[in-house]
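To start, the structure itself, in structure tokens.
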Amino acid sequence: MIPRGSIFDYYFEFSKPEGEFLAWVEEIPPFKYDPALSYFQLIVPTRDTVCYSWFLEKSVVLLQPVFLTGMTGTGKTIIG
């Protein structure tokens, strides 16, 4: 069963025997500020950057091309 929200807010985890829908927001790592980095080098993890990173990692492993699209400022260019 899919919890509340949009289907795009979740991914399906196959590692469990019956599978399970998990929220992208539960996968967001904590942000650690590094004062040595410039403003333009900071990457604040969000639901979008976690989701895009997951899809990019899976597509590279499977040697499949992927086209990332989304709103400006969601981290598409910086991940990888």
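Rounded to the nearest 20 debye, what is the charge dipole size of the range 1-78 about its Cα centre when +1 sits on each Lys and Arg Cβ and -1 on each Asp and Glu Cβ?
Value, rounded to 20: 200 debye.
Each label point is 7 Å from the Cα along the Cα-to-Cβ direction; what then is the distance between the points at Glu20 and Ile7, in nm?
For the pair Glu20/Ile7, the computed spacing is 2.2 nm.
Expressed as an acute angle from 0 to 90° and rounded to the nearest 10, what is the orientation of the C-alpha long axis of helix 47-61 relative to the principal long axis of the chain?
Around 70 degrees separate the two axes.
Near Lys58, which lysines are there with a Cα under 20 Å away, not counting those fewer than 8 places off in the same chain?
In chain and number order, the partners are Lys16, Lys76.
Return the Rg/Rh ratio of the chain with Cα-based radii and a Kirkwood Rh. Working shown, then result.
Values: Rg = 14.6 Å, Rh = 14.5 Å.
In the chain, Rg relative to Rh is 1.01.
Hey, if you put +1 on the Cβ of every Lys and Arg and -1 on every Asp and Glu Cβ in the range 1-72, which of Ser6, Val44, Phe55 ends up farthest toward the positive end of that dipole?
Val44
Given R₀ = 30 Å, FRET efficiency for Ile28-Leu63 by Cβ-Cβ distance, to 0.05? Kindly include the intermediate steps, with their values, before the conclusion.
Numbers: r = 28 Å, r/R0 = 0.92.
It comes to 0.60.
Taking only DSSP H segments of four or more residues, each worth -39500 (n - 2.57), what value at 222 nm results for the chain once the sum is divided by all its residues, to the nearest 500 deg cm²/dmol? Please list the in-between numbers first.
Numbers: 1 runs with 15 residues, N = 80.
My calculation for the chain gives -6000 deg cm²/dmol from helical runs alone.
Just so you know, all these numbers are worked out from the coordinates, no wet-lab data involved. What you see is a predicted model, and the numbers here were worked out from it, not measured in a lab. When we count neighbours, we look across all protein chains shown, and the Cβ atoms used for this are built from the backbone with ideal geometry, even at glycine.
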